[in-house]
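Chemist: Submitted below is the structure of interest, expressed as structure tokens.
The values are calculated or read from the model by the stated rules, or taken from the named source; none is laboratory data. Bear in mind the structure is a predicted one, so any value in this text is a computation, not a measurement. Cβ placement follows ideal geometry from the backbone for every residue including glycine, while neighbour counts extend to all protein chains displayed.
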Amino acid sequence: MAEVQEEITAAIGRPNDSHRHSTRRLISNSVAMALANVAGRGLGYVSLLLLARHVSAHYIGVYAILLTTSMLAELVSNLGLDKVVVREMAPSAHSGYDRKLFWLALGTRLCMAVVSFAAAFALLRLLFKDLGGLDEWTIAVYLSVIFPTVASRNCEALLTAHERLRPIAWSQAFERIVMFGAVLLLINGHLSFAGFICFAPIAGLGRLSVLISGMAAGWSSVGEQSPLGVNELLRQSIQLFSVEVLALVYFRSDVFFIARIQGLSSAGVYQIAYKMFDCCISLFSGLLQAAFPLLIRNRSRRYLGQLLIYGLIAVSVPVAIVIVLRYPLLEFIQPGYSAGATSLVWLMLTAPLVYVNSTLSNAAIAAGKVKILIVLAIVLIGSNVGLNIALIPRWSINGAAFATFACEALSSLILVPAFLLTGYVGAKRP
């Protein structure tokens with residue numbers, strides 16, 4: 001009888017021990033990513049601030065266009081593979097690396113990178129005849145950052161599945177440091193604006209090298225091989241790709257609309273306000289990344305609720321601070337940037353909605369409920385484009401910021417009831 005009791009106690013204790021271990025790892029990874037994001041994106045914000053104080057808003061607008069274009073190219077190149085790789089590897093992550101899936105995903109990404117590089121270059125030459133005097137060679141060099149970037153994303157997916165986020169944090173911080181060095185060279189007259197732009201692929205290679213060194217320690221282990229072939233991998237990734245298109249379209253298409261309708265200077269002012277919003281988002285992006293493998297393995301609806309509640313409490317603090325101090329923060333850069341104060345309010349009010357929608361989207365992906373996200377993407381892409389076209393001509397950057405807020409609010413109105421009705425059922429292979 002005593003032996004049976006011991007077995008029952010041990011059986012009950014093991015899940016608790018596992019839960020505590022998972023919680024400690026989640027906190028450790030989240031803190032590591034949060035610190036790296038605060039330091040890295042803070043450095044990125046300082047870099048943009050220094051640029052804004054030493055170059056005109058026109059050049060900031062050029063930089064915003066290039067950044068947005070590279071984001072589009074990265075989106076196409078990744079083809080939704082990040083979530084697929086993590087979802088397939090996470091259930092058996094502790095048994096070692098799945099080399100087959102890693103190399104299959106990397107080859108797919110690099111092929112798509114060639115396509116996205118050509119498309120991004122053609123898009124820039126078609127829409128903008130004069131990008132601050134940058135020649136075609138400089139633009140091509142800048143866009144070449146897509147190749148080390150997609151390789152880095154593939155490494156990050158593998159490390160995320162194994163809940164090893166510290167190498168990711170270090171690599172992203174290193175990339176920011178390199179670009180910060182380029183900014184210092186620019187403002188001290190040792191580098192032209194074109195030369196600064198060409199530093200992007202160098203920073204990307206540095207990020208990749210840090211990730212490779214972080215993976216090397218565990219590369220000798222071989223885990224359970226995924227049954228996915230090329231066709232199945234592409235089928236699943238394209239589903240998630242259609243969802244990721246939404247995120248970039250309604251978060252960054254407004255820059256193109258502002259630049260085309262209001263001019264590059266207005267796009268530059270909006271970029272400064274958006275950067276503050278982006279810094280706030282970075283505070284909880286590490287938590288979302290660290291929690292995703294646990295959402296795949298954990299079937300608890302209570303766990304999902306805790307993520308939502310604690311995350312909302314955390315994100316509300318920087319949101320309130322930035323809203324209260326918006327005028328001093330913008331005027332510190334240059335008096336002209338205070339024109340972005342109202343748009344900054346709308347963007348910061350969007351941040352809590354972004355956290356809720358991102359958490360619920362991750363839970364839907366983990367549970368194999370991608371179809372609801374695809375339907376949501378179709379609805380919101382049309383809504384965002386329509387709102388931008390209607391609002392930007394009359395309200396400029398304030399209209400663009402409100403469009404972002406409205407689309408996130410609509411997303412919450414769809415996702416929250418959907419989860420209340422269907423519940424969160426945990427990991428499920430599609």
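Chemist: So, in the stretch 51-75, exactly how many residues are outside any helix (DSSP H, G or I) and among the hydrophobic types (A, V, I, L, M, F, W, C)?
Modeler: Result for the stretch 51-75: 1.
Chemist: Ok, one more. Could you run through the stretch 313-340 and say how many residues are at pLDDT 90 or above, farther than 11 Å from residue 280 by Cα and either within 22 Å of the chain's Cα centre (by Cα) or outside any helix (DSSP H, G or I) (or both)?
Modeler: The total comes to 1.
Chemist: Only one of these conditions is not met by residue 411: (1) small (Gly, Ala, Ser); (2) surrounded by fewer than 19 Cβ atoms within 10 Å (Cβ to Cβ); (3) more than 21 Å from residue 272 (Cβ to Cβ). Which number is it?
Modeler: (2)
Chemist: Now, a different point. If we scan the stretch 359-375, do we find a residue that is modelled with pLDDT of 90 or more and either within 27 Å of residue 270 (Cα to Cα) or among the basic types (Lys, Arg) (or both)?
Modeler: Let us first name the residues in the stretch 359-375 that are modelled with pLDDT of 90 or more, namely none.
Looking through the stretch 359-375, none of the residues is modelled with pLDDT of 90 or more and either within 27 Å of residue 270 (Cα to Cα) or among the basic types (Lys, Arg) (or both).
Chemist: Is one or more of the residues making up the stretch 150-167 out of contact with any strand residue (DSSP E or B) (no Cβ under 7 Å at 6 or more places or on another chain), at pLDDT below 85 and among the β-branched types (Val, Ile, Thr)?
Modeler: Taking every residue of the stretch 150-167 in turn, at least one turns out to be out of contact with any strand residue (DSSP E or B) (no Cβ under 7 Å at 6 or more places or on another chain), at pLDDT below 85 and among the β-branched types (Val, Ile, Thr).
Chemist: Kindly evaluate residue 350 against the criterion of being under 16 Å from the mean Cα position of the chain (by Cα), of a type in the set (S, T, N, Q) and part of a helix (DSSP H, G or I).
Modeler: yes
Chemist: Another question, if that's okay. Find all pairs meeting these conditions: Cβ atoms under 7 angstrom apart; at least six residues apart or on different chains; first residue within the stretch 307-324 and within 14 Å of residue 276 (Cα to Cα) and crowded, with 16+ Cβ neighbours inside 10 Å; second residue aromatic (Phe, Trp, Tyr) and at pLDDT below 90.
Modeler: What qualifies is 315/284.
Chemist: Select from the stretch 382-399 the residues that are surrounded by fewer than 21 Cβ atoms within 10 Å (Cβ to Cβ), among the hydrophobic types (A, V, I, L, M, F, W, C) and either touching a residue at least 40 places away in the same chain (Cβ under 8 Å) or farther than 20 Å from residue 269 by Cβ (or both) and list them in ascending order.
Modeler: 385, 389, 390
Chemist: Under 8 Å between Cβ atoms, at least 6 apart or on separate chains: pull out the pairs that start in the stretch 335-355 with a residue that is closer than 25 Å to residue 314 by Cβ and end on any residue that is of a type in the set (Asp, Glu) and modelled with pLDDT under 95.
Modeler: Once the first residue is closer than 25 Å to residue 314 by Cβ and sits in the stretch 335-355, its partners that are of a type in the set (Asp, Glu) and modelled with pLDDT under 95 give 350/408; 353/408; 354/408.
Chemist: Now for a different question. Could you please tell me which pairs satisfy a Cβ distance under 7 Å, a separation of 6+ or placement on different chains, a first residue in the stretch 132-159 that is more than 12 Å from residue 121 (Cα to Cα), and a second residue that is in a loop (DSSP other than H, G, I, E, B)?
Modeler: 159/165
Condition check ((1) touching a Leu at 6+ places or on another chain (Cβ under 7 Å); (2) crowded, with 23+ Cβ neighbours inside 10 Å; (3) modelled with pLDDT of 80 or more) across all residues:
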| site | (1), (2), (3) |
| --- | --- |
| 24 | no, no, no |
| 32 | yes, no, no |
| 39 | no, no, no |
| 46 | no, no, yes |
| 74 | no, no, yes |
| 90 | no, no, no |
